[in-house]
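**Student:** If you scroll down you'll find the structure; I have some questions about it.
The values are calculated or read from the model by the stated rules, or taken from the named source; none is laboratory data. Bear in mind the structure is a predicted one, so any value in this text is a computation, not a measurement. Using ideal geometry, Cβ is built from the backbone for each residue, glycine included, and neighbour counts are taken over all protein chains shown. Keep in mind that these areas ignore ligands, DNA and RNA; they rest on the heavy atoms of the full protein, side chains included. Shrake-Rupley method; radii C 1.70, N 1.55, O 1.52, S 1.80 Å.
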Amino acid sequence: MSKTLKDKSALLIISGGIAAYKSLELIRLIKKSGGHIRCILTKGGEQFVTPLSVAALSEETVYTDLWSLKDETEMGHIRLSREADLIIVAPASANIIAQIVHGNAEDLATTTLLAADKPILIAPAMNHMMWNNPATQDNITALQARGIETIGPTEGDMACGEHGMGRMSEPEDIFAAINAFFFEKPLEGYKALVTSGPTLEPLDPVRFISNRSSGKQGHAIASALHKFGADVTLISGPVALPDPAGVNTIHVETAAEMLKACESALPANIAVCAAAVSDWAPTQNADHKIKKRGDETPPAIALKENPDILKTLASHKQRPQLVIGFAAETENLTENAAAKLARKNCDWLLANLVGQDDKKIFGEDQNHVYLITSSDTQDWRPMSKQAVATKLAEEITNHLEQPKVQDAAE
Ligand code: CTP
């Protein structure tokens with residue numbers, strides 16, 4: 001799979017935000033990879049980086065003004081979008097995101113975006129309260145539903161001194177997303193099923209047993225496999241994430257429902273079980289809310305074991321060609337994960353160590369996984385969950401591209 005961006009053309013819109021300085025590095029990465037890049041700098045963007053730096057790095061005229069007679073005669077906002085294969089907005093401020101949602105055409109950037117007939121990738125960057133504001137969250141959901149792809153934001157310290165979700169993804173991660181976009185679709189013709197999120201096992205109409213899984217890793221994997229061209233069915237427990245664009249998403253609550261939905265999605269070539277399936281469910285789901293019983297001892301909760309979805313798929317008569325699971329271990333990571341690989345009859349496990357800080361893995365944007373197969377252990381080093389997803393899609397592609405033993409003999 002070639003990773004050069006030679007003959008590829010991108011339009012980068014830099015809007016106002018301190019993360020604009022990271023876009024300079026993104027321009028450098030695209031140029032270094034042989035790609036062609038033109039840039040639009042908004043008025044806000046100009047407060048953080050200068051047109052001169054952007055022009056010097058992109059080796060192109062920088063466009064800033066909708067009403068520039070010179071720019072319009074030489075290039076024009078329609079041509080700016082038509083001549084790009086991909087439009088990237090990085091950083092995408094809360095304001096430009098809202099403007100795209102509403103179809104505003106106030107300046108060169110928003111007019112170009114409104115007139116665009118090309119795929120758009122946005123990299124949001126803002127204060128965490130602005131990001132978590134329902135207005136922004138609704139805007140992001142609306143954009144994703146229209147097929148606009150998003151990367152990030154990530155969690156971390158912010159320039160304003162606060163901490164939270166809202167940092168723009170690192171230039172390397174945005175660059176990886178651009179690369180994934182430009183690849184031919186190597187998994188075209190393959191069917192994948194992915195499980196994600198927690199399961200929720202009811203005790204009565206208002207109470208349940210569940211866990212802290214956010215679904216971020218599983219959803220990112222479903223998105224990455226879709227970007228690589230696979231036909232993806234995502235079977236998700238309850239999460240606070242939008243359905244990934246282009247992915248057939250089935251919503252379930254219990255492990256039993258998740259297993260049923262997985263079996264209905266067969267046959268598939270690839271199965272990735274990223275869900276944190278509850279190991280147990282209450283034996284009884286009471287029809288009515290269980291009441292306090294005064295001085296009596298509190299009711300005991302009897303549990304039954306849930307089906308093991310990964311193990312069931314890996315031993316199924318319609319077993320996918322490649323069955324991949326996750327393993328969260330507190331100790332002896334590689335030994336325990338290797339034993340789990342064999343016990344569950346799966347092909348690969350992505351294992352991570354969870355210790356006293358294990359709560360941090362849930363809902364975090366970073367993950368440090370090891371890829372464990374029957375013959376190899378690879379340390380993938382800490383990286384964003386999106387980067388883990390892209391790397392896994394690449395590994396799956398490489399594996400499926402390898403000739404099988406009997407093919408090689410032919
Ligand atoms: N898994 C599953 N169904 C279950 C339990 C787990 O499909 N009922 C899958 C998870 O999606 C994950 C893998 O099995 O891919 C390993 O999950 P993990 O919780 O680490 O393993 P357990 O089987 O629960 O083993 P243990 O808790 O003893 O480590």
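**Student:** Output yes when any residue across the range 65-78 is under 26 Å from the mean Cα position of the chain (by Cα) and either farther than 25 Å from Lys32 by Cβ or part of a helix (DSSP H, G or I) (or both), and no when none is. Please lay out each step first, then the result.
**Tutor:** Here is the first cut: in the range 65-78, the ones under 26 Å from the mean Cα position of the chain (by Cα) are none.
Within the range 65-78, none of the residues are under 26 Å from the mean Cα position of the chain (by Cα) and either farther than 25 Å from Lys32 by Cβ or part of a helix (DSSP H, G or I) (or both).
**Student:** Just the residues that are under 15 Å from Thr199 (Cα atoms) and not aliphatic (A, V, I, L, M), please, taken from the range 221-241.
**Tutor:** Within the range 221-241, Ser236, Gly237, Pro238 meet the criteria.
**Student:** Shifting gears a bit: Kindly indicate which of Pro134, Pro124 is within 16 Å of the chain's Cα centre (by Cα) and assigned by TED's automatic domain parsing to the domain that holds Lys43. Steps first, answer last, please.
**Tutor:** Working: Pro134 fails: within 16 Å of the chain's Cα centre (by Cα).
Of Pro134, Pro124, the one residue that is within 16 Å of the chain's Cα centre (by Cα) and assigned by TED's automatic domain parsing to the domain that holds Lys43 is Pro124.
**Student:** Across the range 203-221, which residue is surrounded by the most Cβ atoms within 10 Å (Cβ to Cβ) among those that are within 30 Å of Leu303 (Cβ to Cβ) and of a type in the set (A, V, I, L, M, F, W, C)? Steps first, answer last, please.
**Tutor:** The initial filter retains those residues of the range 203-221 that are within 30 Å of Leu303 (Cβ to Cβ), namely 203-219, 221.
Pick out the ones that are also of a type in the set (A, V, I, L, M, F, W, C) and you get 203, 206, 208-209, 221.
Numbers: Leu203: 17, Val206: 10, Phe208: 19, Ile209: 17, Ile221: 31.
Going through the qualifying residues, I end up with Ile221.
**Student:** Next question, about the same structure. Only one of (1) farther than 24 Å from Asp231 by Cα; (2) assigned to a helix (DSSP H, G or I) fails for Leu259. Which number is that?
**Tutor:** Failing condition for Leu259: (1).
**Student:** Pairs only if they're at least six apart or on different chains, beta carbon under 7 angstrom, first in the range 333-351 and more than 10 Å from the ligand (Cβ to nearest atom) and among the hydroxyl-bearing types (Ser, Thr, Tyr), second open to solvent by less than 20 Å² (accessible area, probe 1.4 Å) and not in a helix (DSSP H, G or I); list them, first residue then second.
**Tutor:** Once the first residue is more than 10 Å from the ligand (Cβ to nearest atom) and among the hydroxyl-bearing types (Ser, Thr, Tyr) and sits in the range 333-351, its partners that are open to solvent by less than 20 Å² (accessible area, probe 1.4 Å) and not in a helix (DSSP H, G or I) give Thr334/Ile372.
**Student:** Quick check on this structure: which one of Phe181, Phe228 is at pLDDT below 95, within 17 Å of the chain's Cα centre (by Cα) and open to solvent by 20 Å² or more (accessible area, probe 1.4 Å)?
**Tutor:** Values: Phe228 fails: open to solvent by 20 Å² or more (accessible area, probe 1.4 Å).
Selected residue: Phe181, the only one of Phe181, Phe228 that is at pLDDT below 95, within 17 Å of the chain's Cα centre (by Cα) and open to solvent by 20 Å² or more (accessible area, probe 1.4 Å).
**Student:** Listed residues Glu263, Glu257; which is farther than 22 Å from Leu322 by Cβ, open to solvent by 60 Å² or more (accessible area, probe 1.4 Å) and either among the acidic types (Asp, Glu) or in contact (Cβ under 8 Å) with a residue 24 or more places away in the chain (or both)? Write out each step before concluding.
**Tutor:** Working: Glu263 fails: farther than 22 Å from Leu322 by Cβ.
That would be Glu257, the only listed residue that is farther than 22 Å from Leu322 by Cβ, open to solvent by 60 Å² or more (accessible area, probe 1.4 Å) and either among the acidic types (Asp, Glu) or in contact (Cβ under 8 Å) with a residue 24 or more places away in the chain (or both).
**Student:** Output the residue which, of all residues in the range 20-61 that are part of a loop (DSSP other than H, G, I, E, B) and either outside the structural domain of Asp107 (by TED's automatic domain parsing) or over 29 Å from the mean Cα position of the chain (by Cα) (or both), is surrounded by the fewest Cβ atoms within 10 Å (Cβ to Cβ).
**Tutor:** Let us first name the residues in the range 20-61 that are part of a loop (DSSP other than H, G, I, E, B), namely 33-35, 42, 47-50, 59-61.
Okay, now just the ones that are also either outside the structural domain of Asp107 (by TED's automatic domain parsing) or over 29 Å from the mean Cα position of the chain (by Cα) (or both), so 47, 50, 59-61.
Working: Gln47: 13, Thr50: 14, Glu59: 10, Glu60: 15, Thr61: 15.
Of everything passing the filter in the range 20-61, Glu59 is surrounded by the fewest Cβ atoms within 10 Å (Cβ to Cβ).
**Student:** Also, quick follow-up: Mind checking which residues of the range 229-253 are assigned to a loop (DSSP other than H, G, I, E, B) and within 11 Å of the ligand (Cβ to nearest atom)? Outline the logic, then answer.
**Tutor:** Here is the first cut: in the range 229-253, the ones assigned to a loop (DSSP other than H, G, I, E, B) are 229-230, 237-247, 252-253.
Passing the criteria: only Gly237.
**Student:** Based on what the data block shows, is Leu371 modelled with pLDDT of 85 or more and surrounded by 21 or more Cβ atoms within 10 Å (Cβ to Cβ)? Steps first, please.
**Tutor:** Working: modelled with pLDDT of 85 or more: yes; surrounded by 21 or more Cβ atoms within 10 Å (Cβ to Cβ): no.
No, not satisfied.
**Student:** Give me the residue from the range 310-325 that is touching a strand residue (DSSP E or B) at 6+ places or on another chain (Cβ under 6 Å) and β-branched (Val, Ile, Thr) and, out of that set, farthest from the ligand (Cβ to nearest atom).
**Tutor:** Initially, the range 310-325 is screened for residues touching a strand residue (DSSP E or B) at 6+ places or on another chain (Cβ under 6 Å), giving 310, 313-314, 320, 322-325.
Then drop every residue that is not β-branched (Val, Ile, Thr), which leaves 323-324.
Details: Val323: 10, Ile324: 8 Å.
In this case the residue turns out to be Val323.
**Student:** If you don't mind, there's one more thing I want to ask. Take the residues of the range 266-309 that are more than 13 Å from the ligand (Cβ to nearest atom) and within 26 Å of the chain's Cα centre (by Cα): which is surrounded by the fewest Cβ atoms within 10 Å (Cβ to Cβ)?
**Tutor:** Going residue by residue through the range 266-309, those that are more than 13 Å from the ligand (Cβ to nearest atom) are 266-270, 282-302.
Checking which are within 26 Å of the chain's Cα centre (by Cα) leaves us with 266-270.
Values: Leu266: 16, Pro267: 11, Ala268: 24, Asn269: 17, Ile270: 24.
For the range 266-309, the residue satisfying everything is Pro267.
**Student:** Let me ask another. So, of the residues in the range 214-228 that are among the small types (Gly, Ala, Ser) and within 16 Å of the ligand (Cβ to nearest atom), which turns out to be nearest to Glu401 (Cα to Cα)?
**Tutor:** Initially, the range 214-228 is screened for residues among the small types (Gly, Ala, Ser), giving 214-215, 218, 220, 222-224.
Next cut, within 16 Å of the ligand (Cβ to nearest atom) only: 214-215, 218, 220, 222.
Numbers: Ser214: 32, Gly215: 28, Gly218: 23, Ala220: 22, Ala222: 19 Å.
So the residue we want is Ala222.
**Student:** It is to be established whether one or more residues within the range 82-102 are of a type outside the set (Asp, Glu) and touching a Phe, Trp or Tyr at 6+ places or on another chain (Cβ under 7 Å).
**Tutor:** Applying the first criterion (of a type outside the set (Asp, Glu)) to the range 82-102 yields 82, 84, 86-102.
Filter once more, keeping what is touching a Phe, Trp or Tyr at 6+ places or on another chain (Cβ under 7 Å): 86.
Within the range 82-102, one or more residues are of a type outside the set (Asp, Glu) and touching a Phe, Trp or Tyr at 6+ places or on another chain (Cβ under 7 Å).
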